């Protein structure tokens, strides 16, 4: 999915991020997964998602674990893209602000707020088209080694319109 950013200084084309077919959040070959497609623009990672019945907690309401998984992956992609190295979560905090009704399309965003040598921090939110924020998150991530990052790159699928593999790893 590719679109044009708003016109003006620094406008860039949104680029799709690769996926791992078996991933619960982004996998396109995981029948139990969410099948989310991520894109990046100017360091912010975006995804759209519409919860359905399999994502339900209470009747008609999206399970909080689904929102937490969406925030984790979206927030984790942001420092990975920025630092050209993959990472894993060591801590995630989610604040649920309002129940998300099934069938409501939301945009999940993630952005890096700090990145020291050992810990990267990101924040994110889940919001509807009307601006209603359903959840906010904050995460702390540990970067993988160069060797581990190369191994991850080997099993990701890069589709047309994706960022280039070399943009996700420092040689």
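Of all residues in the stretch 137-154, those being over 18 Å from the mean Cα position of the chain (by Cα), under 20 Å from residue 19 (Cβ atoms) and touching a residue at least 40 places away in the same chain (Cβ under 8 Å) number 1.
Yes/no matrix, rows are residues, columns are (1) part of a strand (DSSP E or B); (2) in contact with a strand residue (DSSP E or B) (Cβ under 8 Å, 6 or more places away or on another chain); (3) under 23 Å from residue 162 (Cα atoms):
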{"site": "21", "(1), (2), (3)": "no, yes, yes"}
{"site": "35", "(1), (2), (3)": "no, no, yes"}
{"site": "95", "(1), (2), (3)": "yes, yes, no"}
{"site": "99", "(1), (2), (3)": "no, yes, no"}
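When each of 90, 113 is tested for being over 21 Å from residue 39 (Cα atoms) and part of a strand (DSSP E or B), the lone residue that passes is 90. Considering the stretch 32-57, and only residues there that are at pLDDT below 95 and surrounded by fewer than 13 Cβ atoms within 10 Å (Cβ to Cβ), the residue that is farthest from residue 129 (Cα to Cα) turns out to be 32.
For the stretch 68-91, the criterion of being in contact with a strand residue (DSSP E or B) (Cβ under 8 Å, 6 or more places away or on another chain), buried (at least 18 other Cβ atoms within 10 Å of the Cβ) and over 27 Å from residue 145 (Cβ atoms) is satisfied by no residue at all.
The values are calculated or read from the model by the stated rules, or taken from the named source; none is laboratory data. Note that the structure is a prediction, hence the values are computed from the model and not measured. Virtual Cβ from ideal backbone geometry, glycine too; neighbours counted across all protein chains shown.
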